[in-house]
Amino acid sequence: MNINWHDFFIVGNPLILGSQIAILLTMIGIVAGVTYLKKWKWLWREWLTTVDHKRIGIMYILSGVLMFFRGGVDGLLMKAQTSRPEMKFLDAQHYNEIFTTHGVIMILFAAMPLLIGLMNVVIPLQIGARDVAFPQLNALSFWLFFSGAMLFNISFVVGGSPDAGWTAYFPLAGKEFTPGIGNNYYAIALQIAGIGTLMTGINFIVTILKMRTKGMTLMRMPMFTWTSFIASVIIVASFPIFTVALALMTFDRIFGTHFFTLAGGGMDMMWANLFWLWGHPEVYIVVLPAFGMFSEVISTFSRKMLFGYKSMVFSIVGIAFLSMLVWVHHFFTMGAGPGVNSVFSITTMMIAIPTGVKMFNWLFTMRKGRIEFSTAMLWALAFIPCFIIGGVTGVMLAMGAADYQYHNTLFLVAHFHYVLIPGVVFAVFAGLYYWWPKMFGHMLNEKIGKIHFWFFTIGFNLTFMPMFFLGLDGAVRRSYTYSAESGYAPLFLLSTIGAVILAIGFGALCYNIYWSARYADRNISNDPWDARTLEWATASPPPFYNFAKLPEVKSVDSFWYMKKNNEGLTLKDEEIEEIHMPSNSGLPIYMGVIFGIAGFFLVFEWKIAALVATVGILIGLIIRSFDYNDGFHVHVDEIKETEKAWRNVDKGGNSHVS
Amino acid sequence: MSANVNTALPLEYQTEQNRMNILGFWIFLGAEIILFGTLFAVFSVLSARYAGGPTPKDLFEIKDVMVETILLLTSSFTCGLAIYEMRRHNRNGLLLWFIITLLLGAGFVFMEITEFIHYVHEGATMQTSAFLSSFFVLLGTHGLHVSMGIGWATMVIIQILKRGLTPVTARKTFIIGLYWHFLDVVWIFIFTFVYLARMVA
């Protein structure tokens with residue numbers, strides 16, 4: 001063990017010193033606040049040890065919003081640095097670190113938890129189940145994700161951030177060219193979070209296959225459930241590749257092997273191949289559930305059944321299949337030759353077909369619908385034109401020969417922001433506005449929501465539209481500055497102004513969350529949007545057992561059907577039976593902590609300490625093996641009381657449907 | 001969640017939770033196939049990059065590898081016998097074959113570690129060349145899986161001793177059986193593509 005204590009804390013940079021102080025103060029503030037309010041026990045019992053899918057989902061969403069903030073600050077810093085030519089705000093190294101963490105955090109620690117969080121909250125409710133198939137595993141998934149995210153986030157104050165880009169291409173990311181420990185954080189934090197994601201994938205596949213309520217055949221599942229199911233399949237098919245790639249990276253960096261190195265026979269481009277074999281499917285892992293959310297929102301606020309349900313299902317399956325066959329388009333310039341590049345060009349362009357099918361399905365769902373312009377619907381409406389710009393530029397990039405021109409320019413950066421922000425971020429916002437009443441029993445304010453919407457959408461277009469043109473003019477990505485002679489200055493400045501507007505939009509969301517938590521009307525019906533799927537058939541927020549009596553499904557949009565035919569909406573006392581529920585467990589959070597500790601030691605290459613911490617992981621596994629806690633039964637009286645409470649209030653609840 | 005027990009089915013399939021666990025494990029094995037598939041792909045890319053270090057022909061001793069193979073294949077057979085005894089509700093038969101399986105597995109791990117030590121003494125380490133890096137990581141991952149399996153199965157044996165054959169212990173045993181056969185299949189690929197193919201080529 002050669003401990004380099006002088007590398008431990010990053011010193012000398014006022015920005016980072018400020019962050020260190022802020023982190024310290026925040027932590028003291030949280031601990032002091034919880035202690036002062038005497039909430040430790042409550043926090044432990046109700047949240048930290050919970051196995052309830054709704055609470056795990058909320059914790060995912062909360063972490064996702066926090067990480068979105070962190071990633072957003074990174075983005076703003078980059079925009080500040082490039083706002084004028086030859087800016088001296090960040091140096092090259094600091095800029096490298098910031099674009100790296102921005103990418104990693106936005107994809108893996110913001111988009112993923114926001115989507116997985118909404119999946120957690122909504123899917124068991126949509127399929128009429130009482131929890132996921134493996135509730136404790138679900139908690140473990142969350143804590144591993146959280147542990148990975150925290151480990152990654154401390155990198156910039158302890159030891160130094162990774163700085164080789166979110167794709168961490170070799171040989172740059174190897175020990176030869178990046179000797180610091182920053183990239184160890186990348187390899188290990190993502191590994192820990194990735195294990196959690198893989199388990200989530202398995203969990204949701206089993207949940208959706210096995211726990212659907214009576215009558216819900218596969219082709220009656222809500223579209224969000226379908227897309228999440230397919231996304232889970234892609235998770236299981238692609239995350240192990242990332243696991244291996246990261247493990248090999250760890251071996252190369254910490255144990256001196258030669259997988260991706262220049263010396264010893266290693267092959268640097270193998271990293272790029274493995275990374276994108278996971279990385280491209282990952283794009284669809286985040287975008288498919290988002291498509292599902294848009295489907296729910298568009299159908300609800302058009303007051304129509306989703307158009308072309310079957311073609312929607314076939315197109316997501318098609319997208320999932322094709323997503324595995326396009327990875328080379330990320331490095332056409334590798335020089336695999338025109339034959340190989342042509343194949344991957346064609347597979348890439350083929351993805352536009354099922355995606356186009358989905359676009360038309362959404363448009364036809366709206367056709368002749370009675371469209372209600374709620375905030376959630378606005379996000380879905382803005383998504384369509386913005387995403388098409390992202391998609392069409394994607395087809396441009398898919399042409400292997402032309403890609404030599406676009407490769408590594410800001411054109412590409414603008415393209416994937418036009419895909420991921422409308423495709424994922426807009427969807428998450430739509431989903432939050434739509435399901436917020438289900439999660440918390442009160443709505444997000446629609447007026448502030450619209451401010452949020454307009455600022456964010458205009459800011460987004462203003463930020464990234466100029467980057468298409470900058471890219472076509474030859475501005476490269478990941479470059480910390482540019483000369484005045486290049487003529488890029490006006491467009492870069494416009495882009496920075498856009499980023500500020502976008503940030504104000506996000507601020508409006510944060511304020512909306514605060515405002516609504518304090519002042520929003522609590523007396524709302526359990527179905528404020530007059531919605532169509534089963535999650536709205538129970539109370540808002542749902543009781544911990546979800547449904548007193550599991551609903552029976554007779555068609556697509558089953559709750560709509562129940563309302564139209566007035567069946568299955570009431571509950572008779574004699575229908576209530578005891579419900580079996582899983583018990584809370586402290587083991588998942590223990591595993592998260594111990595994984596974090598082991599990971600931290602490994603980042604610093606303190607191998608013996610890491611090995612000792614690994615024993616802690618094994619102990620956790622052993623405890624789990626001998627754990628025979630079977631859960632508990634909820635008594636009929638308790639269910640009766642809970643159900644009476646919300647069903648009676650509901651009669652006088654305010655509906656928000658015009 | 002619901003405890004609707006169907007006693008017509010084998011013990012391990014009787015409760016809904018058990019059926020979900022078994023399906024979940026099959027899906028996990030699917031992920032494991034991708035994991036090992038990736039490692040095999042990496043090995044096939046790097047397998048001829050010796051960087052001046054030893055080649056397969058210099059290193060591999062077919063006799064030792066053959067013994068390892070026979071140990072592991074036999075253990076898969078005895079594991080099948082263990083599950084067969086479990087289906088007959090014969091606890092002692094199950095335990096007997098289960099323990100024999102683990103002893104064979106331990107023999108395999110012992111042989112593999114000896115093999116690795118031997119290579120290292122000949123100067124063939126993970127750091128020597130890309131070929132050896134991929135060789136050690138692929139085989140090490142498999143060996144680690146077998147070792148973890150032995151530890152895991154030992155805990156299940158303790159639970160069977162304490163609780164007898166219940167739907168829960170039967171399900172745990174069955175799942176380990178799946179895992180064990182899977183590792184055996186992986187070894188067949190290692191034996192073929194890592195050892196035999198490289199010794200002929």
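The values are calculated or read from the model by the stated rules, or taken from the named source; none is laboratory data. Remember, it's a predicted structure, so these values are computed and weren't measured experimentally. Note that we place each Cβ from the backbone using ideal geometry, even for glycine, and neighbour counts take in every protein chain shown. These area figures cover heavy atoms from the full protein model, side chains too; ligands, DNA and RNA do not enter into them. Shrake-Rupley method; radii C 1.70, N 1.55, O 1.52, S 1.80 Å.
Points to keep in mind about this one:
- Cβ pairs under 7 Å, 6+ apart, first in region B:23-40 and over 15 Å from B:Leu183 (Cβ atoms), second basic (Lys, Arg) and surrounded by fewer than 18 Cβ atoms within 10 Å (Cβ to Cβ): B:Leu23/A:Lys210
- Test: residue in region B:128-141 that is open to solvent by 50 Å² or more (accessible area, probe 1.4 Å) and among the polar types (S, T, N, Q): no
One line per residue, one yes/no per condition, for (1) within 25 Å of A:Val132 (Cα to Cα); (2) more than 13 Å from every other protein chain (Cβ to nearest Cβ):
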{"residue": "A:Thr225", "(1), (2)": "yes, yes"}
{"residue": "A:Val233", "(1), (2)": "yes, no"}
{"residue": "A:Ser238", "(1), (2)": "yes, no"}
{"residue": "A:Gly256", "(1), (2)": "no, no"}
{"residue": "A:Phe260", "(1), (2)": "no, no"}
{"residue": "A:Asp268", "(1), (2)": "no, no"}
{"residue": "A:Leu274", "(1), (2)": "no, no"}
{"residue": "A:Trp278", "(1), (2)": "no, no"}
{"residue": "A:Pro281", "(1), (2)": "yes, no"}
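- Selected residue (only one of A:Ser299, A:Ser323, A:Ser342, A:Ser295 is open to solvent by 30 Å² or more (accessible area, probe 1.4 Å) and among the hydroxyl-bearing types (Ser, Thr, Tyr)): A:Ser342
- Considering each residue of region A:212-219 in turn, at least one proves to be under 22 Å from A:Leu115 (Cα atoms) and either open to solvent by 10 Å² or more (accessible area, probe 1.4 Å) or of a type in the set (A, V, I, L, M, F, W, C) (or both).
- Scope region A:122-144; condition open to solvent by 10 Å² or more (accessible area, probe 1.4 Å) and part of a helix (DSSP H, G or I); matching residues: A:Pro135, A:Gln136, A:Leu137, A:Leu140, A:Trp143
- Scope region A:367-400; condition farther than 18 Å from A:Phe426 by Cα, touching a residue at least 40 places away in the same chain (Cβ under 8 Å) and part of a helix (DSSP H, G or I); matching residues: A:Thr393, A:Gly394, A:Val395, A:Leu397, A:Ala398, A:Gly400
- Residues of region B:142-153 that turn out to be β-branched (Val, Ile, Thr) and either at the interface with chain A (Cβ under 10 Å from one of its Cβ atoms) or open to solvent by less than 20 Å² (accessible area, probe 1.4 Å) (or both), as a count: 1
- Screening the candidates B:Ser75, B:Ser147 for the property of being closer than 30 Å to A:Trp278 by Cα and part of a helix (DSSP H, G or I) yields one hit, B:Ser147.
- A:Phe307 more than 8 Å from chain B (Cβ to nearest Cβ) and either assigned to a helix (DSSP H, G or I) or among the aliphatic types (A, V, I, L, M) (or both): no
- Among the numbered conditions (1) outside any helix (DSSP H, G or I); (2) away from chain B (no Cβ under 13 Å), the only one that A:Ala320 does not meet is (1).
- For region A:504-561, the tally of residues that are under 17 Å from A:Thr213 (Cβ atoms) and without any contact (Cβ under 8 Å) to a residue 24 or more places away in the chain stands at 1.
- Restricting region B:36-55 to residues that are buried (at least 20 other Cβ atoms within 10 Å of the Cβ), in a helix (DSSP H, G or I) and of a type outside the set (Phe, Trp, Tyr), the residue that is nearest to the other protein chains (Cβ to nearest Cβ) is B:Thr38.
- In region A:440-448 there is no residue that is in contact (Cβ under 8 Å) with a residue 60 or more places away in the chain and over 14 Å from A:Ile513 (Cα atoms).
- Scanning region A:327-339 for residues that are open to solvent by less than 60 Å² (accessible area, probe 1.4 Å) and either at pLDDT 95 or above or not in a loop (DSSP other than H, G, I, E, B) (or both) turns up A:Trp327, A:Val328, A:His329, A:His330, A:Phe331, A:Phe332, A:Thr333, A:Gly339.
- Any chance B:Ile190 is open to solvent by 40 Å² or more (accessible area, probe 1.4 Å), more than 14 Å from chain A (Cβ to nearest Cβ) and part of a helix (DSSP H, G or I): no
- Matching residues in region A:66-91 - criterion: being open to solvent by less than 30 Å² (accessible area, probe 1.4 Å) and among the β-branched types (Val, Ile, Thr): A:Thr82
- Filter result for the condition that a residue is of a type outside the set (A, V, I, L, M), farther than 25 Å from A:Ala290 by Cα and either outside any loop (DSSP other than H, G, I, E, B) or touching a Ser or Thr at 6+ places or on another chain (Cβ under 9 Å) (or both), over A:Gly148, A:Gly165: A:Gly165
- Condition broken by B:Trp26, with the remaining ones in (1) surrounded by 19 or more Cβ atoms within 10 Å (Cβ to Cβ); (2) within 30 Å of A:Val132 (Cβ to Cβ) satisfied: (1)
- Per this entry, A:Ala110 is not counted among residues that are open to solvent by less than 10 Å² (accessible area, probe 1.4 Å), out of contact with any Gly (no Cβ under 7 Å at 6 or more places or on another chain) and not charged (D, E, K, R).
- Condition check for A:Gly318: surrounded by fewer than 16 Cβ atoms within 10 Å (Cβ to Cβ), closer than 21 Å to A:Pro281 by Cβ and among the small types (Gly, Ala, Ser): no
- Pairs, first facing chain B (nearest Cβ under 9 Å) in region A:183-206, second among the polar types (S, T, N, Q), C-beta under 6 Å, six or more apart: A:Met199/A:Ser141; A:Gly201/A:Ser232; A:Asn203/A:Asn138; A:Ile205/A:Ser232
- Selection within region B:91-127 - aliphatic (A, V, I, L, M) and surrounded by 15 or more Cβ atoms within 10 Å (Cβ to Cβ): B:Leu94, B:Leu95, B:Leu96, B:Ile99, B:Ile100, B:Leu102, B:Leu104, B:Ala106, B:Val109, B:Met111, B:Ala124, B:Met126
- Leading residue by the ranking (nearest to B:Val194 (Cα to Cα)) among those in region B:1-21 that are facing chain A (nearest Cβ under 10 Å) and crowded, with 17+ Cβ neighbours inside 10 Å: B:Asn21
Residue-wise test of (1) under 23 Å from the mean Cα position of the chain (by Cα); (2) closer than 22 Å to A:Ala237 by Cα.
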| residue | (1), (2) |
| --- | --- |
| A:Trp327 | yes, yes |
| A:Gly339 | no, no |
| A:Thr348 | no, yes |
| A:Ile351 | yes, yes |
| A:Phe360 | no, no |
| A:Phe364 | no, no |
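- Options A:Ile524, A:Ile513: the member that is within 30 Å of A:His452 (Cβ to Cβ), surrounded by 15 or more Cβ atoms within 10 Å (Cβ to Cβ) and in contact with a strand residue (DSSP E or B) (Cβ under 7 Å, 6 or more places away or on another chain): A:Ile524
- Taken over region A:529-570, the criterion of being polar (S, T, N, Q) and under 30 Å from the mean Cα position of the chain (by Cα) is satisfied by A:Thr533, A:Thr538, A:Ser540, A:Asn546, A:Ser558.
- Qualifying position, being assigned to a helix (DSSP H, G or I) and open to solvent by 10 Å² or more (accessible area, probe 1.4 Å), among A:Leu209, A:Leu288, A:Leu248: A:Leu209
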